[in-house]
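In what follows, a single structure is set out as C-alpha cells and then discussed.
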Amino acid sequence: MRDICILSSLEKVKSICDPLRIEILKLLIKKSMTSKQIADHVKQSASKIHYHVKELEKHEIIMLDYTLEKSGILEKYYRAVANNYYIDQSLGDYFEKNETKSVKFVTQDILSWRRIHRLKVDTEALARKIVKDCLKIQSKEVVGLLGGINQMDLVEPLAIEIQRAGAYPLLCVETTKMKAKMLEEMEPLLIQEHFQHLGETLRPVTTLIMLEHIVNPALAKGISRERVEVYRKAWVNVRNELFDRKVKWAFFGYPTQALAEEMNIDFIQLHDMFWKGIDVNYNELEYSAQYVARVLAEGKKIRIQSEQGTDLEISIVGRLPLIDDGLISDDDIKNGDTVINLPSGEVYIAPVEESVNGLAFFNLVHYQGEAIEGVRLEFKKGKVIRFSAEKNESKLREFFDSEDEGRRCLGVLGIGLNPWIKDIVGYPVYDTKQFGSINLALGENKIFGGQNSASIMWPMVMNQVSLWVDEIPLIENEEIIQKDKINCKQKIDQ
C-alpha cells in the first residue's frame with residue numbers, strides 16, 4: 001500500500017468525485033473489506049456498492065487485496081491503493097475552466113479523514129482549546145481572524161468557538177491571487193494606504209489570529225525587492241501598533257500544498273507535523289519551557305558550539321526570556337509576552353545587541369522559498385561582518401544587501417521544545433520548535449525586549465549543537481539537560 005496516489009487523469013478524478021465513493025475509499029484506507037461489508041456499514045444495497053467498488057477498481061483507486069473462500073463462496077476483499085490521494089496540478093486549468101470543485105472536494109475530504117482518523121485530531125476540540133486555553137478569549141472581546149480560503153477548515157471552527165465564548169469574530173479573508181496582484185500591480189502609495197485601512201479595521205481588536213504570512217515566500221518570487229519591502233514595511237507599522245496595544249496574538253504556520261512545493265517539503269510530512277504539533281499537551285510543554293526560561297533568567301552569558309565550526313558568545317544580562325508554550329496567561333500579558341506561534345514550543349531571549357561575537361554555521365536555511373546551504377556568519381559586536389554560503393550565496397547576499405542595517409544584527413536566540421517537531425524541514429515556523437534545536441534570528445527584536453529595529457526577522461535553525469549558560473550545559477545532543485541530570489523530554493514522557 002503506497003503512501004500517496006496522484007490522480008493524473010480526468011477519468012480518475014471523476015471516478016472519485018462522488019460522496020458515496022469517498023465514503024467507500026475512507027473505509028478501504030483503514031482496512032480491507034468486501035462489498036457486502038461495505039454495504040452493511042454505509043447502509044446501502046449490495047448491488048449499488050458492488051457497482052461503485054468495480055468503478056473504483058477499474059480506475060486503480062482501490063485494488064483487490066486478497067480472496068477468501070467461505071462455504072464454497074469466494075469473498076473478495078478490497079483495499080485502497082494508497083493512504084493519501086492528491087490531484088495532479090497539471091489538471092488545474094481544466095477545473096478552473098469548468099468551474100468544478102472536484103479538486104477541493106477530494107483533497108479536503110481525504111485530508112479531513114486523515115486528521116480525524118489517522119492523526120486523531122478533532123478540529124472542533126482543537127479550536128475550543130485555542131480559544132479557551134491558549135488565548136483565554138473573554139466575553140465582549142473583538143477577535144481578528146486573518147487568513148485565506150484555504151484555511152477555512154480551521155477558520156470556521158475558530159469563529160464558532162469565538163462566538164460561543166461571547167466574543168465577536170472579525171474576519172479578514174484574502175485569496176492568494178488577491179495578495180499576488182496587490183504585490184504586482186498596486187502603486188506603493190496605495191499599498192501603504194491599504195495597510196493604514198487594515199490598521200483602522202483592527203483597532204477594536206483585542207486578540208488577533210493569523211493563519212498565514214503577510215508576505216508569503218511563494219508570492220515574493222519574481223517580484224521586485226523594492227516592492228516587497230514597501231509591502232513589508234507598511235505591514236510593520238500595523239504590527240507595531242498592535243504590539244504597543246498588547247494585543248494577544250496567535251500565528252499559525254498553516255500547511256498547504258503550495259507552501260510545501262515552495263519549501264521543497266513533502267506535503268504529508270508538513271501536514272502531519274502541523275496537526276500533531278498543534279495538538280500537543282500544553283501542560284507538558286509548559287513544564288520544559290518554564291525550566292529553560294528559569295535557567296536563562298538566572299544566567300549572564302551563553303556559549304554555543306558545534307563540530308561544524310559554530311563558536312558564539314552572547315550576553316543576556318538584563319534581558320528576560322519569553323516563553324511560547326501556546327498559552328497566554330495574565331502574567332504573560334503583564335510582562336508584554338502576548339505572542340504565540342502554533343505549533344508552539346520555544347523559549348527565546350533578545351541578547352544584548354553589541355555582545356554577540358564569534359562564528360555561526362547552519363547546514364540549511366531558507367529565504368523567500370529558496371534553500372541556502374552551508375551558511376557561515378561571523379559576528380562582531382552584535383552585527384554580521386562577513387558571510388558565506390556553500391550553495392546559493394547570491395540569495396544570502398540579497399538579504400544583507402539592503403539599506404535596512406538592522407537585519408545584520410542578531411535579534412533573538414530561541415530554543416525549540418515541541419516533542420512532536422522532530423525534523424528540520426525548511427519551514428522556520430516549524431523548525432524553530434524542534435526539540436533541542438537552537439535558532440538565531442536576525443533583525444527585529446524590540447517586541448522581545450531588545451533595542452534593534454528592522455523590517456524583518458529571519459530565524460536560522462541549527463541542530464547538533466551544545467549550549468552552555470554560565471558554563472553550565474543546557475543543551476547537549478538535542479536534549480535539554482537539567483542540573484539534576486534529568487532530561488526534560490524523558491520527564492515529559494513519564
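Details
- All conditions in (1) surrounded by 23 or more Cβ atoms within 10 Å (Cβ to Cβ); (2) assigned to a helix (DSSP H, G or I) hold for Glu398, with the sole exception of (1).
- Residue that is farthest from Gln269 (Cα to Cα) [pool: residues in the stretch 1-36 that are assigned to a loop (DSSP other than H, G, I, E, B) and of a type in the set (S, T, N, Q)]: Thr34
- Within the stretch 377-395, the set of residues being among the β-branched types (Val, Ile, Thr) and surrounded by 16 or more Cβ atoms within 10 Å (Cβ to Cβ) comprises Val384 only.
- Strands (runs of 3 or more DSSP E) completely within the stretch 288-344 that count 1 or more residues being in contact with a Pro (Cβ under 6 Å, 6 or more places away or on another chain): 311-315
- The stretch 60-83 - residue that is surrounded by fewer than 16 Cβ atoms within 10 Å (Cβ to Cβ) and assigned to a loop (DSSP other than H, G, I, E, B) and, of those, modelled with the highest pLDDT: Glu60
- Leu285 at pLDDT below 90, crowded, with 17+ Cβ neighbours inside 10 Å, of a type outside the set (Lys, Arg) and not assigned by TED's automatic domain parsing to the domain that holds Val412: no
- The single residue among Gly309, Gly318, Gly369 that is assigned by TED's automatic domain parsing to the domain that holds Val412, surrounded by 15 or more Cβ atoms within 10 Å (Cβ to Cβ) and not polar (S, T, N, Q) turns out to be Gly369.
- Considering (1) surrounded by fewer than 19 Cβ atoms within 10 Å (Cβ to Cβ); (2) without any contact (Cβ under 8 Å) to a residue 40 or more places away in the chain, the lone condition that Ile323 does not fulfil carries the number (1).
- When Ser45 is tested against (1) under 14 Å from Val81 (Cβ atoms); (2) modelled with pLDDT of 90 or more, exactly one condition is not met: (1).
- Subset of the stretch 130-143 that is under 20 Å from the mean Cα position of the chain (by Cα) and in contact (Cβ under 8 Å) with a residue 60 or more places away in the chain - its residue that is surrounded by the most Cβ atoms within 10 Å (Cβ to Cβ): Leu135
Residue-by-condition table, conditions (1) within 27 Å of Tyr291 (Cα to Cα); (2) more than 22 Å from the chain's Cα centre (by Cα):
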{"site": "Gly336", "(1), (2)": "yes, yes"}
{"site": "Tyr348", "(1), (2)": "yes, no"}
{"site": "Val352", "(1), (2)": "yes, yes"}
{"site": "Lys381", "(1), (2)": "no, yes"}
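- Matching option when the condition is closer than 25 Å to Gln464 by Cβ, more than 20 Å from the chain's Cα centre (by Cα), modelled with pLDDT of 80 or more and polar (S, T, N, Q), among Asn341, Asn363: Asn363
- Filter result (in a loop (DSSP other than H, G, I, E, B), in contact with a Lys or Arg (Cβ under 9 Å, 6 or more places away or on another chain) and not hydrophobic (A, V, I, L, M, F, W, C)) within the stretch 408-444: Pro419, Gly436, Glu444
- If you go through the stretch 360-390 and keep only what is within 14 Å of Arg408 (Cα to Cα) and either in a loop (DSSP other than H, G, I, E, B) or not basic (Lys, Arg) (or both), you end up with Ala360, Leu377, Glu378, Phe379, Lys381, Gly382, Val384, Ile385, Phe387, Ser388.
The values are calculated or read from the model by the stated rules, or taken from the named source; none is laboratory data. The structure presented is a predicted model; accordingly, all values stated were derived computationally and were not measured. Every residue, glycine among them, receives a Cβ derived from its backbone with ideal geometry; neighbour counts consider all protein chains shown.
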